[in-house]
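Colleague: Sharing a structure below in structure tokens format, with a few things to ask.
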Amino acid sequence: MTTKAGPEPSASKKRRERERQEMRARLLDAARLIAAEEGWNAVTIRRIAGKLEYSAPILYQHFSSKEDLLVELMTVGFAELAERLRLAAEDAPGRRLVAMAEAYWTFAFASPELYQAMNGMDGVPFGTAETPREARDAFRVFRVALQDIASARGAELADPAGAVDTIWAFLHGSVSLAMAGRIAGGTERARTLMVDAVEPLFSAQLRGGEGGPAPR
């Protein structure tokens with residue numbers, strides 16, 4: 001027995017949904033523009049409304065609070081980062097790790113205000129059931145790529161979760177310090193230091209194979 005498919009959304013419903021998505025995108029873009037110019041402390045629902053010449057109640061139909069808007073930005077950012085890491089993971093095996101580090105760096109500095117929203121807000125409990133799906137996807141892409149790189153070298157990650165946390169923390173720390181101007185020589189030197197150090201750091205996470213630590 002076959003079941004009939006439900007009725008397709010009407011043209012008016014599709015149009016309303018498209019308009020809703022377009023409005024949300026405009027609100028997010030306005031928030032990012034304000035943050036890029038003045039920092040995230042300057043971003044409020046009223047400031048966004050003023051920039052777009054809308055009334056605040058209209059914006060509250062889409063985002064209940066600034067925190068709600070930031071969570072949406074965070075998911076957008078991690079989805080984009082995951083895609084960049086996924087593409088970098090398709091590079092040649094010998095260059096894959098460096099390509100992923102460079103992809104992380106490029107993403108952060110292409111949209112610093114978005115990167116800050118992804119990593120600097122309160123209430124982002126990574127590693128729990130509350131972690132956004134997009135963030136988990138980015139970490140999963142990273143973990144699988146590291147495992148593949150290790151396998152290509154005839155080794156394995158001694159602690160896969162620990163390796164992901166260690167290298168991710170290293171990349172984030174390098175980017176954060178560079179953004180804050182805390183590394184002498186500027187961002188280009190900071191990027192070079194990061195790229196040069198990521199291979200030895202990765203090798204320290206390996207068990208077996210060439211370059212990895214001896215099995216315990």
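The values are calculated or read from the model by the stated rules, or taken from the named source; none is laboratory data. These numbers were taken from a predicted model, which means no experiment stands behind them. In this analysis, Cβ positions are derived from the backbone assuming ideal geometry, glycine residues included, and neighbour counts consider all displayed protein chains.
Colleague: Are any residues in the stretch 143-199 within 17 Å of Arg96 (Cα to Cα), among the small types (Gly, Ala, Ser) and touching a Lys or Arg at 6+ places or on another chain (Cβ under 9 Å), and if so, which ones?
Modeller: Selection gives Ala145, Ala150, Ala152, Ala155, Ala163.
Colleague: If you don't mind, there's one more thing I want to ask. Which residues, taken from the stretch 158-216, are polar (S, T, N, Q) and at pLDDT below 95?
Modeller: Passing the criteria: only Ser176.
Colleague: OK, next. Just one of (1) hydrophobic (A, V, I, L, M, F, W, C); (2) within 23 Å of the chain's Cα centre (by Cα); (3) more than 23 Å from Ala110 (Cβ to Cβ) trips up Ile45, so point out which.
Modeller: Answer for Ile45: the failing condition is (2).
Colleague: Is at least one residue of the stretch 58-80 in contact (Cβ under 8 Å) with a residue 60 or more places away in the chain, buried (at least 19 other Cβ atoms within 10 Å of the Cβ) and assigned by TED's automatic domain parsing to the domain that holds Ala108?
Modeller: Yes, the stretch 58-80 has at least one match.
Colleague: Could we say that Ala169 is surrounded by 13 or more Cβ atoms within 10 Å (Cβ to Cβ) and either under 21 Å from the mean Cα position of the chain (by Cα) or not charged (D, E, K, R) (or both) here?
Modeller: Details: surrounded by 13 or more Cβ atoms within 10 Å (Cβ to Cβ): no; either under 21 Å from the mean Cα position of the chain (by Cα) or not charged (D, E, K, R) (or both): yes.
Considered against the rule, which asks whether it is surrounded by 13 or more Cβ atoms within 10 Å (Cβ to Cβ) and either under 21 Å from the mean Cα position of the chain (by Cα) or not charged (D, E, K, R) (or both), Ala169 comes out as no.
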